[in-house]
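Just so it is clear, none of the values below were taken in a lab; they were calculated from the coordinates. As the structure is a prediction and not an experimental result, all values here were calculated from the model. Cβ placement follows ideal geometry from the backbone for every residue including glycine, while neighbour counts extend to all protein chains displayed.
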Amino acid sequence: MVTLSGMLAARGTRAVALGLVLFYSFVLTESDAHAQEGAISPPAPLQWPVQAGPTANSDFSITVLRQQVEFGGNEELCKILMREAGQPIPPNFNWSLCPPQFQAKVTAHEGKVSWAPSAEPTKCGTNCVGRPFMTQSSSLDRPNSIFAMLYGHLDFAIDVPGPFNRTVRYGYEAQFRCLTEPGAREGDFNIRLVFGTPVVGEPGILEGIVDFMIPANISRSIEAGIRRRLSAPRSQSQLLGRCTSIGAKKDPQPSFDSALFDRPPPGTMQPTVHNPPIGTVQGKSATVRFVRITRKPPVFGYAPPAEPGQFSVFVNGIAAHFPDTPALNLPAAGGSAAINFCKTIDMNGADRLQLIFVNSHSGAVWSQFGANTNFGAGPQRTMTTGRKVVVPGQPGPPNPTTGRAPVGRPQSIVLREFELVYTIEYRRPPDQVGGARPVTGDGTRTTRPGTILEPVLGQSIQPCRKI
């Protein structure tokens with residue numbers, strides 16, 4: 001699997017950033033929660049956190065990020081000088097504990113390892129720190145969310161034997177997220193630096209030079225230093241805290257770029273209802289009832305695992321696991337099991353109901369319904385997991401001379417493996433029903449106002465096992 005860091009090292013910061021911006025400008029739209037069923041692509045990002053607009057009430061300046069990354073690099077360079085001089089490094093080391101003589105050397109670009117010319121993040125402009133933009137995670141088997149990020153790199157000069165120094169580049173992604181708990185609408189503003197593999201600037205250098213001269217954990221050390229400074233008293237920590245949104249501001253002047261986020265008003269935190277008793281949620285709620293799982297017969301040439309694996313679902317980001325019941329021990333040749341599990345979630349303020357069905361053999365599938373369809377309530381629905389597998393090549397026609405049938409190359413195919421049958425029940429308060437009465441399982445309407453309950457017609461509502 002090609003990672004963003006690997007792409008960064010292979011193709012360069014600007015090329016990768018441009019490609020991702022074009023890709024996500026197509027993928028990301030406003031949160032209109034289009035209905036989609038049975039998809040095996042990366043699930044659409046969840047509703048929360050929402051994208052912050054230009055009027056967001058908080059921001060984190062990219063200038064501050066530059067300063068913190070530079071301090072982290074300075075600390076590492078100081079530690080290298082101290083090790084060479086045989087001096088112990090104090091616990092919880094930071095730049096203020098660097099002896100003055102070593103601070104002077106770091107600032108003057110002296111030592112076997114130093115900043116490359118004009119490579120300090122506070123001096124390099126957009127040459128080593130890119131512009132922020134919006135993107136999203138792209139997991140196949142779990143919920144995704146939007147976040148802001150930028151690309152950057154650190155260049156260090158290494159004094160090696162010979163007339164020329166060598167440059168080692170550490171490419172990184174600076175990610176700005178509003179990390180929410182499953183089902184929650186607010187979370188914590190978070191900054192994370194993800195470093196790629198160091199790249200030596202010129203070929204022909206011994207591979208061990210980087211590990212010898214610069215510690216392999218430089219990325220962890222720099223990130224730890226950044227977090228340490230951001231959480232210190234009277235530092236930039238006042239810009240951090242709780243958030244309900246995340247965004248990116250690309251200013252006409254790059255020095256004013258920032259990551260945006262909204263902080264919720266004090267005392268407005270809403271509790272997350274993960275699986276309340278059916279009918280007890282105040283306002284809107286949805287209950288997904290899981291009716292049956294079917295294991296499809298194997299495709300020609302592929303031998304599936306004997307055991308079916310474990311099954312999980314995410315309902316608007318909230319995880320639930322199917323219990324290990326004997327009925328779910330489906331044979332590799334295929335089979336079906338009736339189940340009666342359910343999951344209820346709070347739908348107040350929600351603009352979608354997203355369901356992700358995952359199997360531990362790496363298969364996954366997702367469906368999503370918007371408010372304009374009562375969040376998918378009513379009919380029986382199905383979704384089937386998909387995953388890529390490799391099957392042997394198929395024999396071709398016999399050679400007329402030798403009589404032998406050539407065998408083709410192995411092929412990668414998408415295996416649609418486990419089918420889940422489910423229904424959705426949606427409830428809303430009386431003042432939003434518009435006079436409609438709830439629909440019962442036999443198709444009759446009750447006289448009790450206040451809900452919309454739409455199971456499959458012809459079926460009675462049986463107690464279900466909550467997961």
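A simple rule links phi to the HN-Hα coupling: the Karplus curve 6.51 cos²θ - 1.76 cosθ + 1.60 with θ = phi - 60°, which for region 380-395 gives 6, 10, 9, 8, 10, 5, x, 7, 8, 9, 10, 10, x, x, 8, x Hz, with x for Gly and Pro.
Among Glu70, Glu110, rank each residue by its count of other Cβ atoms within 10 Å, from fewest to most, as a rough exposure measure.
Values: Glu70 21, Glu110 13.
Listing Glu70, Glu110 from fewest to most nearby Cβ atoms yields Glu110, Glu70.
Charges at C-beta only: +1 for Lys and Arg, -1 for Asp and Glu. How large is the resulting dipole of region 44-100 about its Cα centre, in Debye rounded to 20?
Working: 3 positive and 5 negative charges, 11 e Å.
In total the dipole reaches around 60 debye.
Taking θ as phi - 60° and the Karplus parameters 6.51, -1.76 and 1.60, the scalar couplings of region 78-87 work out to 5, 5, 5, 4, 5, 5, 4, 7, x, 8 Hz in sequence order, x denoting glycine and proline.
For region 42-47, backbone phi angles converted through the Karplus equation (6.51, -1.76, 1.60; θ = phi - 60°) give residue-by-residue couplings of x, x, 4, x, 5, 5 Hz, Gly and Pro being listed as x.
How would region 328-435 be classified by its alpha-carbon gyration tensor: rounded, prolate or oblate, with rounded meaning a/c under 1.5 and the a/b versus b/c comparison settling the rest? Each step should come with its number before you reach the end.
Details: a/c = 4.03, a/b = 2.97, b/c = 1.35.
Prolate, since a/c reaches 1.5 and a/b exceeds b/c.
Working from Cα pairs under 8 Å separated by at least six residues, relative contact order for region 289-409 is 24 percent.
May I ask you to compute the full-extension gain from Ala303 to Asn399, defined as 0.36 nm times their residue separation minus their alpha-carbon distance, rounded to one decimal in nm?
Details: separation 96, 0.36 × 96 = 34.56 nm, distance 2.85 nm.
The span from Ala303 to Asn399 would gain 31.7 nm if fully extended.
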